[in-house]
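Worksheet: one structure, shown below.
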Amino acid sequence: MPQNETLIIGEFTGTGSSSMLHVNGTITISVDFSTGPGSGAVKLQRSFDDGETWKDVETWTDTNFEGIVEEVASYIQYRFNCPTYTSGTIHYVLGA
């Protein structure tokens, strides 16, 4: 298994994706549209093939979210994707 970050902190100021996080257990997630303030959509995505394909887990549109995801499978990758961007700055945190 490749060595990878355990905490990804970033922001979207346009469309794009975050770095991916290799997960084996609990992850914490945060999406913040209000600090920027930002407007758009952010998707939490999961991959079972080291980032070749991505499946949507959850989508937030102009709504802040903080929470925990319990991943039962081993060596899964997660990332944020911002497919729709309107304005401002959208902050995110993804941690294992």
So, in segment 69-83, how many residues would count as being exposed (fewer than 13 other Cβ atoms within 10 Å of the Cβ) and of a type in the set (Val, Ile, Thr)? 1
So the strands (runs of 3 or more DSSP E) completely within segment 1-71 holding 2 or more residues that are touching a Pro at 6+ places or on another chain (Cβ under 7 Å) are 39-47
When you scan segment 5-26, how many residues do you find that are in contact (Cβ under 8 Å) with a residue 60 or more places away in the chain and closer than 13 Å to residue 93 by Cα? 11
Within segment 74-88, does at least one residue satisfy the condition of being over 16 Å from residue 16 (Cα atoms) and not in a strand (DSSP E or B)? yes
Could you tell me which residue of segment 22-47 is surrounded by the fewest Cβ atoms within 10 Å (Cβ to Cβ), considering only residues that are within 14 Å of residue 73 (Cα to Cα) and in contact with a strand residue (DSSP E or B) (Cβ under 7 Å, 6 or more places away or on another chain)? 26
Determine whether residue 84 is modelled with pLDDT of 95 or more and polar (S, T, N, Q). yes
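The values are calculated or read from the model by the stated rules, or taken from the named source; none is laboratory data. What you see is a predicted model; the values in this text were computed from it and never measured. Using ideal geometry, Cβ is built from the backbone for each residue, glycine included, and neighbour counts are taken over all protein chains shown.
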